[in-house]
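Working notes for the structure below.
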Amino acid sequence: MQVYLDNSATTKQSDEVTRVMVEVMEDNFGNPSSLHRLGVNAEKSLKQARKQAAALIGAKDNEVYFTSGGTESDNTSVFGAYKSLKRQGNHIVTTKIEHPAVLECFKHLEQKGAEVTYLDVGSDGIVDAGELERAVTENTILVSVMHVNNETGAVQPIKDIGETVKKLPHALFHCDAVQSYGKLPLNVNNAKIDLLSASAHKIHGPKGAGLFYMNKSLHLPSFMYGGGQEQGFRSGTENVAGIIGFGKAAELAGKDIQENIKKITELRDYLLKGIKAEIPDIKVNSPVENGDKGEMRCLPYVLNVSFLGTRGEVILHMLEQHGIYVSTGSACSSNKKGRSHVLSAMGLKPKEIESAVRFSFSPYNTKEEIEYVADKLKKTVADNRKTMKIANKMGR
């Protein structure tokens, strides 16, 4: 049996998405800028995809721009906002748990002279909106906070954050919604989001297609110059097949958000129940319990657990031998040396970080698969702990 539980890294492309993309490549392959029928048909298809992608976040069609992915959208937001507003101030704010696509931008701007505040998070991985209020000043021009953390699933209080940012004279609010887009209900107007990033391959769409939302009242500097595509903001011939695949994936995700949340929650809770019942000495790092008012504190698609006395990377490869695919953290930084910056920011001890494993689900997963994972995981953890004890006794 093969069980894929690394959906926060990427998802399997849906058959429906593949079909529309193949149709584009075989029949609707014109350049949207061309004046003949094939070009006009391609342009119509792009408009439809833009409408589908915008609908998921309550945006207008002309507020959505297609990019190569979440990283480009994050970079466009952070660098564009800073370049546009640096005469009004020099203070920018983010959190310590952001994706590298945001954090590296802030570090670069900090090296160039920007004043940067990196907000702490609690042991639950959630930022305190009150800390943001205390951190911002009239000199603040950008606040960037993700909606859902990719390693723990922690849901950030973006509505409260949006309210705080709107009280400032010049600041913009950017939200990295790569992990929540199509998985949690989200309205950019209700959350007072100015800039937003999303990616197709997290919702069973193609890799290489991303979304950048910019409120219609804003005019950030163009990111790429050339033929004037994407309303003059991002020039270059559009990735028509990828964009249309993105639109289809967005349409499909929008139809089943609540149904998928219910299904995924049941799968996550089933796995967690099995882990707690069968495997001692664990630490659940995802804030799986709802808040006092019943609000969701963790996207059910992600479950992060430390199996103390093991090494997460070894568990990963041992499970792989059984056809089970999991992760130890962000796929975009897993090849870099060093511990998870997210779990470190949450205050976890080195041994807890070293033994952490991330399970991330999709609607394609089944209860039978989760039963199989729970069974193999029990023996895998036990075997790794025995090996670690022997190695420790030998002084390795």
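The values are calculated or read from the model by the stated rules, or taken from the named source; none is laboratory data. Note that this is a predicted model, so its numbers are computed, not measured. All Cβ positions, glycine included, derive from the backbone under ideal geometry; neighbour counts span all protein chains shown. The protein model used for the area step is the full one, side chains on, heavy atoms only, and it has no ligands, DNA or RNA in it. Shrake-Rupley method; radii C 1.70, N 1.55, O 1.52, S 1.80 Å.
Values computed for the structure shown
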quantity: Close pairs from the range 145-171: first in contact (Cβ under 8 Å) with a residue 60 or more places away in the chain, partner of a type in the set (Lys, Arg) and surrounded by 24 or more Cβ atoms within 10 Å (Cβ to Cβ), Cβ under 7 Å, at least 6 apart; calculated: 151/358
quantity: Condition check for residue 260: open to solvent by 10 Å² or more (accessible area, probe 1.4 Å) and in a helix (DSSP H, G or I); calculated: yes
quantity: Some residue of the range 219-232 being closer than 20 Å to residue 86 by Cβ, open to solvent by less than 20 Å² (accessible area, probe 1.4 Å) and either in a loop (DSSP other than H, G, I, E, B) or touching a residue at least 40 places away in the same chain (Cβ under 8 Å) (or both); calculated: yes
quantity: Residue 95, sole failed condition from (1) touching a Gly at 6+ places or on another chain (Cβ under 7 Å); (2) in contact (Cβ under 8 Å) with a residue 60 or more places away in the chain; (3) not aliphatic (A, V, I, L, M); calculated: (1)
quantity: Filter result for the condition that a residue is under 26 Å from residue 301 (Cα atoms) and not hydrophobic (A, V, I, L, M, F, W, C), over 63, 98, 26; calculated: 98
quantity: Candidates 277, 241, filtered to the one that is over 28 Å from residue 144 (Cβ atoms) and loosely packed, with under 13 Cβ neighbours inside 10 Å; calculated: 277
quantity: Residue list for the range 340-383, filter: assigned to a strand (DSSP E or B) and of a type in the set (Lys, Arg); calculated: 358
quantity: Spans of helices (runs of 4 or more DSSP H) in the range 1-88 with at least 2 residues modelled with pLDDT under 95; calculated: 15-26, 37-55
quantity: Scan of the range 187-209 for residues that are among the aliphatic types (A, V, I, L, M), touching a strand residue (DSSP E or B) at 6+ places or on another chain (Cβ under 6 Å) and under 19 Å from residue 301 (Cα atoms), ordered by number; calculated: 198
quantity: Flag if residue 88 is surrounded by fewer than 16 Cβ atoms within 10 Å (Cβ to Cβ), closer than 30 Å to residue 298 by Cβ and in contact with a strand residue (DSSP E or B) (Cβ under 8 Å, 6 or more places away or on another chain); calculated: no
quantity: So residue 212, is it in contact with a strand residue (DSSP E or B) (Cβ under 8 Å, 6 or more places away or on another chain), open to solvent by less than 10 Å² (accessible area, probe 1.4 Å), at pLDDT 95 or above and part of a helix (DSSP H, G or I); calculated: no
quantity: Test: residue in the range 244-253 that is crowded, with 17+ Cβ neighbours inside 10 Å, under 28 Å from residue 121 (Cα atoms) and either without any contact (Cβ under 8 Å) to a residue 24 or more places away in the chain or of a type in the set (A, V, I, L, M) (or both); calculated: no
quantity: Of residues in the range 69-81 being in contact with a helix residue (DSSP H, G or I) (Cβ under 8 Å, 6 or more places away or on another chain) and open to solvent by less than 30 Å² (accessible area, probe 1.4 Å), the one nearest to residue 208 (Cα to Cα); calculated: 69
quantity: When residues of the range 165-196 are limited to those that are among the β-branched types (Val, Ile, Thr) and open to solvent by less than 10 Å² (accessible area, probe 1.4 Å), the one nearest to residue 261 (Cα to Cα); calculated: 188
